Structure formats: C-alpha cells, structure tokens
Ligand SMILES: C[S@@+](CC[C@H](N)C(=O)[O-])C[C@H]1O[C@@H](n2cnc3c(N)ncnc32)[C@H](O)[C@@H]1O
C-alpha cells in the first residue's frame, strides 16, 4: 500500500483517474464507478488477450468487413461468449433470428455437439448464400437448418409442429420493431431453464434518449422496459458489444 502511495505521490491527487486507481487498489470508496469506459486500445487488448476465433470465423469476418452492411455482424468476442454459454449449458437445440452472413450461426454451430441443431431464420437469400458457403467450409452445415422466410412465420411453424419447449438456446438479432414478437415466440420454444440472448439492447447508446422518434430505438426501449418486469424470466443486461440481454426461462 505504502509503495503505491510513494510511487504516485508526485502526482496531483485530485486527478480523477488517480483517485479511481487508489480507490480500487486500497478498497476505499473514493469513487463509485462500477464500470470502465472502453476505447480502441483497450478493446484491441481484450481481443488480443482473449479471442480464440477459428480460422473459418476469422475468414468470414474478413469477407463480411468488405460489405456495405458489415456493421450488422456481431462482434467476435460476443460470438465467443455465446459459444461459451452454449457449452456451459450443454445446449443441443438452438434457434437464431437474424443470420446475415452467418457469423453468429457459425459460432453457435461450432459450440454445439455434432448431433446438435441450429434453426437459423432469415429472409435474405443473397447474404445467407455467403453464410452457407462458410458453414460448408467449416464442415458444420449439417448442424444448421436455414429457413428463408419471415422469422415470425418460421417460429410459429416450429410451435405448430409440436416443438414448444424443445429448444435450449435462442438468439434474437433481426428487425428491432419485431423484438417483442420474437421474444414471445422464442420463449414458447425454449424449455424451462433455457436461455434467450437478445442483441443490440443498448442500440449504440441511443436507448437513453427518451425523446427519440426513431422506431427501432423506441422498440428496443419498450422491449427493455417490458423485460425488466417480466417475472417469467431471470435477466441480466450485459454491456458487451452493443448490449446483450441474457434471459433465462424460469
Ligand atoms: C443484424 S443482422 C444479423 C447478424 C448476424 N446475427 C451475424 O452474426 O452476422 C439482421 C438480419 O435479420 C434479417 N431480417 C430482417 N428482418 C427479418 C425478418 N422479418 N425475418 C427474418 N430475418 C430478418 C436481415 O436479413 C439480416 O440478415
């Protein structure tokens, strides 16, 4: 402790960062921040020190980066986090709403057992053709059942087909104004104890703008507010990537 005080004693102790540093190191409540702000350098450090992306995922990410809508792809550390959740749960059956070029689907498929299944919903034949190419390259296409139709239609068809409460894991990452509907359908498809992960729940930070008239932002705000009081589930909102809600069906 003394070593720390002497080492930094020449600095101005009103410096906010220093107060935060000593507050943390010495266990005193000089500052009350419970979070840290990410910048590019720290983000790069996180990836450099923890990302274990497979070569096919890395190649898919590089190709997607050349597309105009590349921003739609999930972050690589998010894919790795979802894969960890799948393995922790021992999940076998998963459903995804919003495939794009297939990065999240591939991350999930890599983590599922060889006889596992991911039902992947999207409406775009062009971008999912890229996805399918990479799933084949990874030799994981046999685990992924791509359904090219509006996702609500596919999810309803699964329910009508007697597959209610038969999925372990669900991921929602598509049109934001339909999040409420996807949530109810995925919840019905999940078994008790199953996990639903919902992407973009911080929407680049726009969710704090109460006066917004943007439809997507309002939809996410309403979704988050309803989720907060939904006693059918356990909930945790993580500030990972663009905000990720982890929702466990009770
Ligand atoms: C944000 S991207 C998904 C990104 C993907 N999870 C990844 O890791 O790259 C959203 C996707 O939702 C799809 N989508 C939009 N509306 C849809 C709908 N009604 N039904 C199914 N998919 C839809 C879009 O075609 C797009 O590919």
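Here the condition is being more than 13 Å from the ligand (Cβ to nearest atom) and buried (at least 21 other Cβ atoms within 10 Å of the Cβ); of 60, 112, it holds for 112 alone. For segment 142-165, a residue qualifies if it is within 18 Å of residue 117 (Cβ to Cβ) and buried (at least 17 other Cβ atoms within 10 Å of the Cβ), and the qualifying residues are 143, 144, 146, 147, 151, 154, 155, 158. When the residues of segment 192-232 are narrowed to those that are closer than 18 Å to residue 94 by Cα and over 17 Å from the mean Cα position of the chain (by Cα), which ends up surrounded by the fewest Cβ atoms within 10 Å (Cβ to Cβ)? Result: 192. Tell me which residues, restricted to segment 122-171, are closer than 22 Å to residue 249 by Cβ, more than 9 Å from the ligand (Cβ to nearest atom) and under 22 Å from the mean Cα position of the chain (by Cα). Matches in segment 122-171: 145, 155, 165, 166, 167, 168, 169, 170. Filtered by the rule that a residue be closer than 14 Å to residue 155 by Cβ and either part of a helix (DSSP H, G or I) or more than 12 Å from the ligand (Cβ to nearest atom) (or both), segment 85-99 gives 93, 94. In segment 185-204, the residues that are at pLDDT below 95 form no Cβ pair under 8 Å with any partner that is assigned to a strand (DSSP E or B), whether six or more places apart or across chains.
The values are calculated or read from the model by the stated rules, or taken from the named source; none is laboratory data. For clarity, every value in this text was computed on a predicted model and none was experimentally measured. We place every Cβ from the backbone using ideal geometry, glycine too, and count neighbours over all the protein chains shown.
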